[in-house]
1. Can you go through B:V323, B:V319 and tell me which one is assigned by TED's automatic domain parsing to the domain that holds B:K394, in a loop (DSSP other than H, G, I, E, B) and of a type in the set (V, I, T)?
2. For the range B:285-303, which positions are in a loop (DSSP other than H, G, I, E, B) and at the interface with chain A (Cβ under 7 Å from one of its Cβ atoms)?
3. For the range B:11-21: of the residues being within 7 Å of another protein chain (Cβ to nearest Cβ) and part of a helix (DSSP H, G or I), which is nearest to B:A60 (Cα to Cα)?
4. What are the residue pairs meeting all of these: first residue in the range B:312-327, first residue closer than 20 Å to A:I276 by Cα, second residue assigned to a helix (DSSP H, G or I) and open to solvent by 10 Å² or more (accessible area, probe 1.4 Å), Cβ atoms under 6 Å, and 6 or more apart or on different chains?
5. Identify the residue in the range A:192-214 that is open to solvent by 70 Å² or more (accessible area, probe 1.4 Å) and charged (D, E, K, R) and, among all such residues, is nearest to A:F252 (Cα to Cα).
6. Given the residues B:A233, B:A240, which is the only one that is farther than 27 Å from B:A317 by Cβ, open to solvent by less than 10 Å² (accessible area, probe 1.4 Å) and at pLDDT 95 or above?
7. In this structure, is B:D74 farther than 19 Å from B:A56 by Cβ, touching an Asp or Glu at 6+ places or on another chain (Cβ under 9 Å), within 14 Å of another protein chain (Cβ to nearest Cβ) and open to solvent by 40 Å² or more (accessible area, probe 1.4 Å)?
8. Using the structure shown, decide if B:A90 is more than 11 Å from every other protein chain (Cβ to nearest Cβ) and small (G, A, S).
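The values are calculated or read from the model by the stated rules, or taken from the named source; none is laboratory data. On a predicted model such as this, the values are computed, not experimentally measured, just so you know. As a convention, Cβ positions derive from the backbone with ideal geometry for all residues, glycine included, and neighbour counts pool all protein chains shown. The accessibility values were calculated without ligands, DNA or RNA, using every heavy atom of the protein model including side chains. Shrake-Rupley method; radii C 1.70, N 1.55, O 1.52, S 1.80 Å.
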2 protein chains.
Amino acid sequence: MQAEIIAVGTELLLGQIIDTNSPKVAQKLAELDINVFYQTTVGDNEPRLIDALQIASERADLIITIGGLGPTVDDLTKQTVAKFLKQELAADEQALKKIIDYHDTTSKPMSENNKLQALYLAAGQSLKNDNGFAVGSFYKNPNGPDVLLLPGPPWELEPMLTNYTVPVLQKEYKNTGMLISRVLRFFGIGESRLATKLADLIDEQSNPTIAPYAKKHEVTLRLTAQADNRESAIKMLDLAEDKIMERVGIYFYGYGDDNSLVKCLANLLIGQQLTISAAESLTAGLFQSTLATFPGISTVFPGGVVTYNPTAKNKLAKVPVDVIDTYGVVSRETAIEMAKGIKERLSTNIAISFTGVASGELEGHKAGMVWIGLAYEDQPVEAYLYQFGQDRQKNRERAVLTGLDLIRRKILNQTIPEQI
Amino acid sequence: MQAEIIAVGTELLLGQIIDTNSPKVAQKLAELDINVFYQTTVGDNEPRLIDALQIASERADLIITIGGLGPTVDDLTKQTVAKFLKQELAADEQALKKIIDYHDTTSKPMSENNKLQALYLAAGQSLKNDNGFAVGSFYKNPNGPDVLLLPGPPWELEPMLTNYTVPVLQKEYKNTGMLISRVLRFFGIGESRLATKLADLIDEQSNPTIAPYAKKHEVTLRLTAQADNRESAIKMLDLAEDKIMERVGIYFYGYGDDNSLVKCLANLLIGQQLTISAAESLTAGLFQSTLATFPGISTVFPGGVVTYNPTAKNKLAKVPVDVIDTYGVVSRETAIEMAKGIKERLSTNIAISFTGVASGELEGHKAGMVWIGLAYEDQPVEAYLYQFGQDRQKNRERAVLTGLDLIRRKILNQTIPEQI
């Protein structure tokens, strides 16, 4: 079973709006085990839409158009599809009544175009629009691919898709299987290294599939299992996860698409009521502002300092002048004093510090060299050394994420992966 | 001149990620007056990518692929396009060196796949990747449509597109006239309000065209003039700019695609050697870390404090306890004391403070209420009140940008637009 999505709209081709509809439809199709091999975007233009329909009809069992069902002159999807299929359009009486009633109630003038929104492919069925006037349409085609017409505004498409379209597709194309995904998140390892370590698993496994994705400064693995029932699918995912964890488990930090290092750490800090402060040099506030993206963090985060130059390191974080003079600002000793200083100052359970070279050169050290100091409860203050790359902003971002991960590991008493 | 965009990636077909690249590329093409009639999305699958290339080559003069240039086994765009075109791939020596150096510096093991990222279409030219390893490729095809290969990660695609691809396309596909663009940047006014104020100009002008774009928290206007020579084009742009400035000049802050409020302010501070510090509550370090994105800022920025709770406001920014008790943390008085406190502490020419309600409610004030305090040289410390929206992160970002703009206006002695 293969479907092809055709998104219709000149504004899409011009890049004026981002197509969030096709991914939504594709996700639902994946859940229904309907493959999508191609998606096409085409403008509000009859011959080019017909061209796209022609190509799609040669390679798909189901064609789904999105958009072009509205009342304006450039909305021509329905008429063009009807012409292409040589099918008639008919009015959905309920939808037509809704349109007429609306114009009566609001005393707005109604044009003939408004009525067009109630039309659907007469030989098929109409799909209700909870948030607008334009009905959708599903047509089971005895002579070619089936056709589904959906509206373009996301607030109209979503309820139509979930409430009225999925049940129809389920009934028409039901299969017995169950498709379940799981996302594993990793920090401290690049996409290519992760993929290399798992190469045989990724290549050999077809169920569940294992797909690595590079995110900003982290990598995710999406495992997708297909089985007769939920329990079997979950068992398959568990097995695959075990094999993965054996090899790269040390870099794993959490599950799910909607997750992040800062979320994991903030939940830990709040859950265990561990207070935290920070003294930041090269990151200049980025650690603290990242932590503060999490609502509710104020109960455990009183604040901290940004000590961008040596004077501020001394005045705000109480780093002794002779430590800076003796060891330099980019040093284990300064990192340790910064963390110690702010921890004492704000009486927190944890304090972290960042000092290093964001770009260029400093004290003979090259760009990307970063010391992270960590004062944890009454334990001796430690400092960790890293060598990142050349890019100023990336170095600062990686330092922040590395800091978040360090504290997370410390709280959970997990191994800290290799530095430098 | 017609181009076709082919986005490559199974995760796109499955709806797991939203394609923001194609719109970005489409926008640039529109600016270059290159039409896009079709966009296709296809998975990481050789035969289906070849199928898409075949169809595109029958209807386009330029085929642009996005994605699939990375180091993993499912990255096969480059190899597939080379096969389709019957062209060789060659290594970009500089890019290869960058890959090898990176693995040397970080002591990470390098796989053969990593090296593949340096390959480009040998008969064409390589396009530099500022934020990654995979080079792009442009091939001027004597026997069919030209081909452009771009990487999938948006942070790699964007700089490659703007810095290296657009100049190539401009050179290759220049139309006879001279096409010159100018970008005007505005802060403090929304896109729809700006467009309304300029509606007649935007509608009536066809040369130069005036196109508004909504950016994050700001708006740009792109003026594009076509003329026989550079001088005439520039004269046309100047005339249009004058008309625009008459109406919305108060919100204008700078020129160019590669510009920002922080860049404008940092240049002013460094140019005039004005030192700056900050005391941040709701922004929690975001102002300072934004300022520090600018290399060279350390000469004028010693540091500052993040005073997320009242204790920190008192301990780090010397806000008297009775001021907080009497007026609350979200108040003119606290904002003023925060700015005053950190200015004294670090002896800077300028100090700024932020206190307000990022989300939820605080001291009876609703989300989005923000006080910004500004201590400027020996002038009396002032505070400005704003009411932003509901979104936590957006409120913090808008506060930071508003602060940058306030200081910029203060230095330049410009009018400060309406608050609240």
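1. Values: B:V323 fails: in a loop (DSSP other than H, G, I, E, B).
It is B:V319.
2. Taking the range B:285-303 first, the residues in a loop (DSSP other than H, G, I, E, B) are B:285, B:292-296, B:300-302.
B:G285, B:A292, B:T293, B:P295, B:F301, B:P302, listed by residue number.
3. The extreme case among them is B:L13.
4. Between residues of the range B:312-327 that are closer than 20 Å to A:I276 by Cα and residues that are assigned to a helix (DSSP H, G or I) and open to solvent by 10 Å² or more (accessible area, probe 1.4 Å), the close pairs are B:N314/B:V321.
5. Restricting attention to the range A:192-214, the residues satisfying the condition of being open to solvent by 70 Å² or more (accessible area, probe 1.4 Å) are A:196-197, A:203-204, A:206.
After this cut, where a residue has to be charged (D, E, K, R) as well, the list is A:197, A:203-204.
On the way: A:K197: 14, A:D203: 21, A:E204: 22 Å.
Step by step, filter the range A:192-214, then rank; the result is A:K197.
6. Working: B:A233 fails: at pLDDT 95 or above.
Result of the check over B:A233, B:A240: B:A240.
7. Numbers: farther than 19 Å from B:A56 by Cβ: yes; touching an Asp or Glu at 6+ places or on another chain (Cβ under 9 Å): yes; within 14 Å of another protein chain (Cβ to nearest Cβ): yes; open to solvent by 40 Å² or more (accessible area, probe 1.4 Å): yes.
Yes.
8. On the way: more than 11 Å from every other protein chain (Cβ to nearest Cβ): yes; small (G, A, S): yes.
Yes; evaluated as a whole, the condition is true for this residue.
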